[in-house]
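The values are calculated or read from the model by the stated rules, or taken from the named source; none is laboratory data. Given the structure is predicted, the values throughout are model-derived calculations rather than measurements. Note that each Cβ is placed from the backbone with ideal geometry, even for glycine, and that neighbours are counted across all protein chains shown. Each accessible area value is taken on the protein alone, full model and side chains, heavy atoms only, with ligands, DNA and RNA left out. Shrake-Rupley method; radii C 1.70, N 1.55, O 1.52, S 1.80 Å.
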Amino acid sequence: MNSTKNKFSVAPMLDWTDKHCRYFHRILTKQTLLYTEMVTTGAILFGKGDYLAFNNEEHPVSLQLGGSDPKALAQCAKLAQERGYDEINLNVGCPSDRVQNGMFGACLMGNADLVANCIAQMQEQVDIPVTVKTRIGIDNFDSYAFLCQFIEKVMPYTNTFIVHARKAWLSGLSPKENREIPPLDYDRVYKLKQDYPDLTIAINGGIKTIDEIKYHLQYVDGVMIGREAYQNPLLLTEIDTQIFGTNTSVIDPLSAIRALYPYIEQQLMQGAQLNHIMRHTLGIFNGRKGARQWRRYLSENAHKKAAGVEVVEQALTFIQ
């Protein structure tokens, strides 16, 4: 089985895994590979903001790109390597309408030659790994043979695939429904690893517990978790010891929140708002007495103009 930094990762999630989220997750786990939200090549090349910004503390961190123009992707990959990213990932899994209209995301599964060309041109520009996040199929192209054809066309240019174990319906289902309605088929991803043992295959979709992660790792090289890691961030505190086998001590949630204070103060000085940072931490006390009051207090106060660390400290008084 391949040894890989992709052994455990937190999925790229639009509007969720921004730099504040990743900084918080890095406090909880040192080993996990963190992903940016999907960033389009157009935003990087023509947008007004700095779409490649991240904090040095986030390493290892991967930039997920959305696009289908090989030249633009290659240009963005080069810029990302210059900025210090550890990996570039091409999105071949997102099913949303706005993604399809731009000819990227899951619809690219239907054009394996183009994906291969994109990866090849990106690889020419960078020394860091270029990986692919994909589905097991799209629409009625959902046979195992279709998945294998896609993999075989792309694998000369990358050896790492993160596979969401659901197919995507490109019409008729919303992105949210596409994360829940098409049935999970973990066995198909296991079979992919079995049939292509030299590839690094990570699995994604519906995984929620440490025991499930360990189970999947018997069959594949890596596990990627999305919503569960975000809504129940406490899970991440166990990853380094349970999955990577480090003998570091597990950080407790109170210490994790207080470890954010210097970052909060630095970001507020740069014009950030407290609620934009703290929204990623709301689930850290799930199941603990006072968790609801903690969430409510932050929701009611963190958006206020002068809100700072003292608001967080006050919110912590509700936790028992």
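Below are the figures for this structure:
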{"item": "Residue satisfying condition, being closer than 15 Å to Tyr23 by Cβ and at pLDDT below 95, within set Ile257, Ile251, Ile284", "result": "Ile251"}
{"item": "Answer from Leu114, Leu108 - the residue that is in a helix (DSSP H, G or I), under 20 Å from Ala72 (Cβ atoms) and over 23 Å from the mean Cα position of the chain (by Cα)", "result": "Leu114"}
{"item": "Close pairs (7 angstrom Cβ cut-off, 6 or more residues apart or separate chains): over 15 Å from Lys71 (Cα atoms) in the range 110-121, among the hydrophobic types (A, V, I, L, M, F, W, C) anywhere", "result": "Gly110/Ile138; Gly110/Phe141; Ala112/Phe150; Ala112/Val154"}
{"item": "Near pairs, Cβ below 6 angstrom, 6+ apart or cross-chain, from the range 209-223 (touching a residue at least 24 places away in the same chain (Cβ under 8 Å) and closer than 18 Å to Ile162 by Cβ) to any residue that is of a type in the set (D, E, K, R) and outside any helix (DSSP H, G or I)", "result": "none"}
{"item": "Residues of the range 17-42 that turn out to be assigned to a loop (DSSP other than H, G, I, E, B) and either open to solvent by less than 20 Å² (accessible area, probe 1.4 Å) or not aliphatic (A, V, I, L, M) (or both), as a count", "result": "8"}
{"item": "Close pairs (7 angstrom Cβ cut-off, 6 or more residues apart or separate chains): under 26 Å from Gly271 (Cβ atoms) and free of Cβ contacts under 8 Å to residues at least 60 places away in the same chain in the range 282-307, open to solvent by 60 Å² or more (accessible area, probe 1.4 Å) and basic (Lys, Arg) anywhere", "result": "Leu282/Arg295"}
{"item": "In the range 53-85, the residues that are under 19 Å from Phe24 (Cβ atoms) and either out of contact with any strand residue (DSSP E or B) (no Cβ under 7 Å at 6 or more places or on another chain) or part of a helix (DSSP H, G or I) (or both)", "result": "Ala53, Asn55, Asn56, Glu57, Glu58, His59"}
{"item": "Residues of the range 130-172 satisfying the condition of being within 20 Å of Lys71 (Cβ to Cβ), open to solvent by 50 Å² or more (accessible area, probe 1.4 Å) and in contact with a strand residue (DSSP E or B) (Cβ under 9 Å, 6 or more places away or on another chain)", "result": "Tyr157"}
{"item": "Residue match in the range 47-57 (condition: open to solvent by 20 Å² or more (accessible area, probe 1.4 Å), within 30 Å of Ser255 (Cα to Cα) and hydrophobic (A, V, I, L, M, F, W, C))", "result": "yes"}
